[in-house]
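The next block holds one structure in the form of structure tokens; read it before the comments.
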Amino acid sequence: MVSLLWCSPGRSQPSVLDPIPPLEPYPDLRNQGFELSTETEYTLGAGDVIRVTVLPVGDFSGEYQILVDGTLSVPLLGTFPVQGLTLTQLTEFLTQQYRQYVKRPSVTVGLVSPRPLKLAIAGEINNPGSYLLPIEGGQKFPTVTQLIQQAGGLTTVADLDNVTIKRQFQGETLTLTLNLWDLAKKGQLKQDVTLRDGDEIIIPTQEIIDIGETRLLSDANFGLSASQEINVAVVGEVYRPGSYRVIPESNTVSGSQGNIRRQPPRLTFAIQLAGGIKPLADVRQVELRRYNRDGSQQIIAIDLWNLLETGNIEEDIILQEGDTIVIPTAASLPSEESEPLANASFAPASMRVSVVGEVRSPGNIEIPPNTPLNQGILAAGGFDKRRANGATIELVRLNPNGTVTRRDIDIDFAQDITEGDNPILKNNDVVIVNRNFLTAASDTLTTIFAPIGALTGFVNFFRLFDNN
């Protein structure tokens, strides 16, 4: 119900003692089989600048600003409240009032400069809160997707099927429901509603995460933000568990001239930052623990073996701020899976083994995953041909369960990779190249006679002193 001031017959100015009869309300179509439109007519408020044209009396025309108390002052009619009126309602009222002074008046009301919109957005949005958005040139009102972009984009658990807008209109609270997936998938622009002052937008949380939709959301211009670094934690069977700052990846767009597109941070990149998976990592049972805006936690099951076996990139889930990645320990790991896991993008980029004994450069060396024994020895400079026993090599291995195994291997540099003669090295292996028989005997004799040689030299020194 709208109450305004009007002029009683015989009065030249409106009086606060004479209330204007209420304007006829618009018919309510919601109970007559019509769908409530997602667009509503603009309602006036403090700060709006309007243009009033009164014909044939041009002196009554002009531009006027609605004051902070929601009132408007025009010639002859004085000051009266217009807060919450539509342009159509104000036009009808002014026509009715000027009819008392002008014969068949023609009144038009236009919006010259809309006030900035004060909007609120909450739920699964990166930067929820209140926003003051100015109206762009040409009176282009911001849309829902533009506000989402302004608020930092959506989180990965946003439910786009049930986005709601609460709007005050004609003294009532309207609730508009949008399906932004229809916009992202089908390009239905009617879902991208233009906003009004005071609108409250709520982005709910998905109860069940659809990883495929999350990837599609990363491509939408109003979807996931690809410009923000995020903090995540990686724990379990990785070499460097802890908290990591993940930076979005940058890719050059194909066919463009230096146009770089940023991709949101993904699961496998975070695992790489944590040093990669350990040999007993259970990649089939990876968990992603994620907190929603309402404080609840979701646990998302991920099968990275499916990524390796079928190339299903949906398993490489997009991360968001505060995620925790848990890599569990496998009870056992089939030997045929060792090589694919060692070559995976989320495996360590290199591993460290120790090659000691009779090689040219003994010590710790960095080698790629799946390096065989013979290549590991060559990485240490190869055998010292004069001293090394090139027939049998000792391999000492620290197993994931804490036990240590030792085996003698008859090395053959011409042999392909085999578990018996040329096995694949693993992280922290120790390769021992022993001395040959002649070197061992020579070193033993040197050890035995070294004290005698030292004593002989000592005696010869004093003899030389006596001769002088």
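The values are calculated or read from the model by the stated rules, or taken from the named source; none is laboratory data. Since this is a predicted model, take the numbers as computed values, not measurements. Here the Cβ is made from the backbone with ideal geometry for all residues, glycine too, and neighbour counts use every protein chain on show. Side chains are part of the model used for accessible areas, which takes the heavy atoms of the whole protein and leaves out ligands, DNA and RNA. Shrake-Rupley method; radii C 1.70, N 1.55, O 1.52, S 1.80 Å.
Observations on the structure shown:
- Residue list for segment 376-397, filter: open to solvent by 20 Å² or more (accessible area, probe 1.4 Å) and assigned to a strand (DSSP E or B): 383, 389, 390, 391, 392, 394, 396, 397
- Filtering segment 376-397 to residues that are closer than 19 Å to residue 343 by Cβ and in contact (Cβ under 8 Å) with a residue 40 or more places away in the chain leaves only 376.
- Within segment 327-357, being of a type in the set (A, V, I, L, M) and either at pLDDT 80 or above or open to solvent by less than 20 Å² (accessible area, probe 1.4 Å) (or both) holds for 327, 330, 341, 344, 347, 349, 351, 353, 355, 356.
- Among (1) among the small types (Gly, Ala, Ser); (2) more than 30 Å from residue 280 (Cβ to Cβ); (3) surrounded by fewer than 16 Cβ atoms within 10 Å (Cβ to Cβ) - the single one residue 223 does not satisfy: (3)
Yes/no matrix, rows are residues, columns are (1) touching a Ser or Thr at 6+ places or on another chain (Cβ under 8 Å); (2) within 30 Å of residue 286 (Cα to Cα):
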{"residue": "336", "(1), (2)": "no, yes"}
{"residue": "340", "(1), (2)": "no, yes"}
{"residue": "345", "(1), (2)": "yes, yes"}
{"residue": "354", "(1), (2)": "no, no"}
{"residue": "365", "(1), (2)": "yes, no"}
{"residue": "373", "(1), (2)": "no, no"}
{"residue": "376", "(1), (2)": "no, no"}
{"residue": "379", "(1), (2)": "yes, no"}
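- Looking only at segment 195-221, residues that are over 20 Å from residue 247 (Cα atoms), in a loop (DSSP other than H, G, I, E, B), under 18 Å from the mean Cα position of the chain (by Cα) and touching a residue at least 40 places away in the same chain (Cβ under 8 Å) come to 3 in all.
- Of all residues making up segment 303-326, the number that are open to solvent by 20 Å² or more (accessible area, probe 1.4 Å), part of a loop (DSSP other than H, G, I, E, B) and at negative phi: 5
- Among the residues of segment 170-205, those that are modelled with pLDDT under 85 and either among the basic types (Lys, Arg) or surrounded by fewer than 13 Cβ atoms within 10 Å (Cβ to Cβ) (or both) comprise 171, 185, 186, 187, 189, 190.
- One residue from 402, 376, 390 being at pLDDT 75 or above and either within 46 Å of the chain's Cα centre (by Cα) or farther than 21 Å from residue 278 by Cβ (or both): 376
- Against the numbered list (1) open to solvent by 20 Å² or more (accessible area, probe 1.4 Å); (2) out of contact with any Lys or Arg (no Cβ under 8 Å at 6 or more places or on another chain); (3) of a type outside the set (Lys, Arg), residue 373 comes up short only at (1).
- Residue count for segment 134-153, restricted to those that are at pLDDT below 90 and part of a strand (DSSP E or B): 2
- Number of the condition not met by residue 120 [criteria: (1) in contact with a Leu (Cβ under 7 Å, 6 or more places away or on another chain); (2) at pLDDT 95 or above]: (1)
- In segment 126-162, residue farthest from residue 213 (Cα to Cα) [restricted to those that are touching a residue at least 40 places away in the same chain (Cβ under 8 Å) and open to solvent by 70 Å² or more (accessible area, probe 1.4 Å)]: 149
Quick grid of which residues meet (1) out of contact with any helix residue (DSSP H, G or I) (no Cβ under 7 Å at 6 or more places or on another chain); (2) among the basic types (Lys, Arg); (3) in a loop (DSSP other than H, G, I, E, B):
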site	(1), (2), (3)
88	yes, no, no
95	yes, no, no
103	yes, yes, yes
161	no, no, no
